1. Sorted from fewest to most neighbouring beta carbons within 10 Å, what does the list THR815, THR347 look like?
2. With θ set to phi - 60°, apply the Karplus curve 6.51 cos²θ - 1.76 cosθ + 1.60 along segment 375-381 and write out the HN-Hα couplings as whole Hz, x wherever there is a Gly or Pro.
3. Could you give the angle, 0 to 90 degrees to the nearest 10, between helix 748-760's Cα long axis and the longest principal axis of the Cα atoms of the chain?
4. Hey, can you grab everything whose amide H is under 5 Å from the amide H of ILE421? Only 5+ residues off in sequence or another chain; H modelled, so Pro and N-termini drop out.
5. What is the calculated FRET efficiency for GLU596 to ASP672, with r their C-beta to C-beta distance and R₀ = 25 Å, to the nearest 0.05?
6. Find out how many positive minus negative residues lie around LEU558, taking Lys and Arg as positive, Asp and Glu as negative, among other residues whose Cβ is under 10 Å from that of LEU558.
7. Any idea how far apart SER114 and GLN656 come out in nm if each label point goes 7 Å out from Cα toward Cβ?
8. To the nearest 10 degrees, how steeply does helix 397-407 sit against the main Cα axis of the chain, on a 0 to 90 scale?
Amino acid sequence: MAKRQLRDNETDVDDWAFVDDAGTFQLDEPQRSSYLYFPLVNEAGIMSAVTPKLHGDVNASQHEFLTPPTAVEDLHNKRTARNFWVYEHGKGPWSAVGNSATQIPEEGPDGAESVSMEGGLLYHEITRKNDDRGLKAEITNFAPVRDDMVELMRVRVTNTGEDAKTITPTAAVPIYGRSADNIRDHRHVTSLLHETWTDEYGVLVSPTLSFDERGHTLNETTYGVLGTDADGTAPESFYPVVEDFIGEGGNLEWPEAVVEDLEGVEAGTEVDGYESLGGLRFETTELEPGETEEYVVMQAIWDEDPGATALAERYGSSEAVEEELVACQAHWTEKSNAVEFDTGDNTFDQWMRWVTLQPVFRRLFGNSFLPYHDYGRGGRGWRDLWQDILSLLLTEPDNVTDLLYHNFAGVRFDGSNATIIGDEPGEFKADRNNIPRVWMDHGAWPWLTTRFYLDLSGDLDFLLRDQQYYRDLHVNRASEQDDEWSPEDGTELYTDDGDVYEGTVLEHLLVQHLTQFFNVGEHNVMRLEDADWNDAMDMAPERGESAAFTALYAWNMLDMSELLGDLQAELGVDEIEIAQEIETLLDTLGESVDYEDPEAKQARLDEYLDTWELTVSGETMTVAIDDLAADLETKAEWLYEQLRDQEFIENEAGHQWFNGYYDDSGRRVEGDHENGVRMTLTGQVFTLMGEVATDEQADAIVDAADEYLYEPKMRGYRLNTDFEEVKTDLGRGFGFAFGHKENGAMFSHMAVMYANALYRRGKVEAGHKVLSGIYEQSKDFEVSRIYPGIPEYFSERGRGMYTFLTGSGSWLLLTTVTEVFGVKGDLGDLLLEPKLLAEQFDDGKATITCQFADRRLDLTYHNAAQAGYGDYAVSEVTLNGEAVNFERTDDGVVIEREIVTDLDSEAVHDLDVTLE
Ligand code: G1P
C-alpha cells in the first residue's frame, strides 16, 4: 500500500530574530505555530512551561502540580490556561491571552488580532492587539530569582481606541493542586480532598490528603493564585470553584461569571470538595484612550505554611514586579555569559546562549517537566546526569565538583548503578517500581566526565578520594533480588563487620570497567543487556551485544591506564589500595583468562560476583600502579584489535563501517539486508572517538555515513537507516515510524557526538558539516518551529522536537568550546588547539570568552591571512598584551596553569593568539 504523502509543515511564517546581544528574540504571530513552549524555572523549584496563548503547566514535582499537567497535545487541546479576561462594559469579554470562544485564529467576531512574542533571559512576553476593540495586552511571565516557588505574570492592558472604556479584569487560572498521577487515577475523588479558601489577595488550595504512589498521606502542600493591581490593591472578589465560574453549559473559554459580569465571593470564604480556580476579579476601572492599567498575578506553591500575604506584598506592585524582572534578567544573563562567542554571525552567538543554558535547565527541570517528555515522572537518568556535568564544568564549575564526587555514591559494587536520582547532589533513591534493568552504557560515562574534570582542574587527588557504594534490592547486576532488603535499610553498601564500605573514586571507575570487560555475549562483544545509550534498543537482553559501547569502554580503559601513569608522575603514587574482591578481575596479575573465550570471560565475571554476597569483606589489597595500568592496557588493546578485525564490515557496494550491534537472535545487525542496507550512527561514533577506527577506517566511515545516513531534508545524519521491520529482537525503537526519534531521526545527541569524534580525528570539515547543519535547521523556523536552542531531534518533517531538555545541549557546548575553539585542559594546564575553518573567522578574528582555572579569559584567535584549518599554527600568544611562554603540541600549544592562576580572578583577561 502506498503511503499517503502528508503535507510538509511549511507555511508562510516569519522567523524569530535576535534583537540584541543578550539573547533576546522576537517572533511575530507565535500562536500560528503549534507546539511552541518556553521554560520558566528558578532554583527554589518552580517549573513552568508557557505557550503563546499562556497554556502549559506550573509545578514543583510530579506530585505537586499547581495547574493541570500538560503533555504536548494538551497545549492546544485543553481550555485550562493562565487566562486573563477584560470585560469591557457595553462590549463584552475579551481574553487578553487569546483564549475565548470569539477569538479564533482567523478573523473572528472580535475582528483581527495581531500577536507577537519576545523571549528573553528568562522571561516570556506576549503582546496582543485588537484594533477593532481598541485593546492591547502585554503579558510578561517569569520566575523570580528568589527562594519562592512562584511564577509571576504581569499584565498590562492599554486602551488603544479613541473612547474611554470601562473594564472589569479577571484572572482565571485553574488550581489543580495535586499529583500528576491523579489525571486518571481518582481525578474526581481527589477534588473532594480540596480545601479551598479565599484570602485577602487570592485563592488558596490545600488538599487534606494526597493520593499517589506514596499511598494516602496527609498533604502539606498549598497552592495559590494571588493578584494585585499596580499599586498593590487586592482583587475585589473571587471565583474559587470552577463549576461556579463557568456556569452550567459554559467553559473556561466562555465562562458565565465573566460573560454575565457576575460578582465573585469575598475574601474569607471557604468552599471544600470541588475543582478549584484561581479566579480573581479586579475592581472595575475607567481606561481613557492611551491609558494603561497593570496587574500582577502570582502562581505559587508552598511546601510549608503558605505565606500568602507576605508573597503578595513582596511581588504585588508595579515597582516590585519590575525590580524582580530586572533581577531575573541579570541572573540568567550572567549564567548565559559563562561562555560567549563572537564569531561575526550574531545569530549564532546568541543562539549559543540558549544552548549554554540548556544543561542548566536540565539540572533544574530534570527530564520530565516540560510538555515533551519520555519518562514523565521526574528525575533524570544516570547517563544524563554525567553528561550534563560535561558542560556544567564549563558554566557552573563551582557547584559541579561536589556533584561529580557525590555521584560516585550511585555506583554499585557489581559495576551497575542506581537509576533513580534524587534532587540533592548524590541522592539516589531505591527503585520502588522494582524494575530490574541494566543499561550497559551507564558505566562508561563517569570516566568521560571525570577525565574532563581532571584535565580542566589538574585535581588528580580527586581519584583518591573515598566514597561509598550504592546498594538496594537489586543484586548481581540486577539479575537477582534481595527480598530481605527494604528501603529503610539505607542505600549504602556495608562490610561484613557492619561498617559502611568506602573505596576510592578510582576504585569505583575500575569496578565499572573491569566488570564490563568480562560481561560479553557469544560474539565476545559486551552484552547489550536492557539497552545502551539508545534507550529504545531494549529488546535484546539475552543475546544482544553492543559493539558501539564496547568501543567506548575500550577507549576509557586505555585512557585510564595512561592516566595512572600521570598519577604516578605527578603525585608520586606508586601503589593504591583496592578492595580484595577486585583481584579476580585483574586477571593479568594472577590467574589469566583466555580473552578469546567468551564463556571463560563470563565465568570470571560470575566468580567476581560470587566473591561477596550483599556485604563486602572490607579487606583491601595493594596494587602497584604499573601493574594496574598494564592490566587495563592489555585489556583495552585486546578490545581494539578485536573490534577492528571483527566488527569492521564491508557491504556489496564496497562501503565500509563498524557494525554496532548484535540482536537477540545472535545476528549481526549492520550491513546488507534484504530490506536494504542497515547502518547505525552510534556504531561509528565511539570507534572514531577512541581511535579504534584507524585513519583509513575513519575515512571509510565518513563516506558510508554520507551515503547511507545523511538526509538533506533534516540537514543532518540519521541515527540509522530504515530497517523496514518492527525488529522485536532488538528494540522498541523499530516500532516507531521511520524518521522519528530513536528510529532514524536526526537525533541531535548522537549527531553532536559524531561531530565531536570527527573533530577529534581532525576531520574538521566533516565535523563542521554536522554542527552547522544542526544550527541551520534549528534556526530555519518555518520548518523547525522551535525557539532558539538545540532540540532532541528533528522529525521526518524536519520539525524540532523535545526542545530545551536534551543532552545534546551539553555536548554541543562542549564540542564548540573544546574542539571548534579548541580550549581545553591538559591535567590543569591550558591547552589551545583551534579547529576553526577559514569561514569561521570574521575579518580574521574569532573570539570566545570563557572560564579557565576560575579566571575569565577573552580569547581571540587572529588569523589575518584567513587561512583554513591545517594551514595555520599558533605563532604567538599574549596575555593582556604581554607575550607568554607556551609549549607546542601536535595541534596547538599548552600554557602552564600558573600563568593563568596568577591573574586577578575578578577581571576579564585578554588572551590573543596569533595563527599563521
Ligand atoms: C534521550 C535521553 C538519553 C538517551 C537518548 C537516546 O536523549 O535523555 O538519556 O540516551 O534519549 O535514547 P536526550 O533527550 O538527552 O537528547
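1. Least to most surrounded, the residues fall as THR347, THR815.
2. 4, x, 9, x, x, 9, x
3. Once rounded, one gets 40 degrees.
4. The list, which skips near neighbours in sequence, is ARG380, LYS429.
5. Result of the calculation: an efficiency of 0.35.
6. Once positives and negatives cancel, what remains is -4.
7. Computed distance between label sites SER114 and GLN656 equals 6.2 nm.
8. 60
Since every read-out is calculated from the coordinates, none of them should be taken as a lab result. All of these numbers come straight from a predicted model, not from anything done at the bench. Methodologically, a virtual Cβ is constructed for each residue, glycine included, from the backbone with ideal geometry; neighbour enumeration extends over all protein chains shown.
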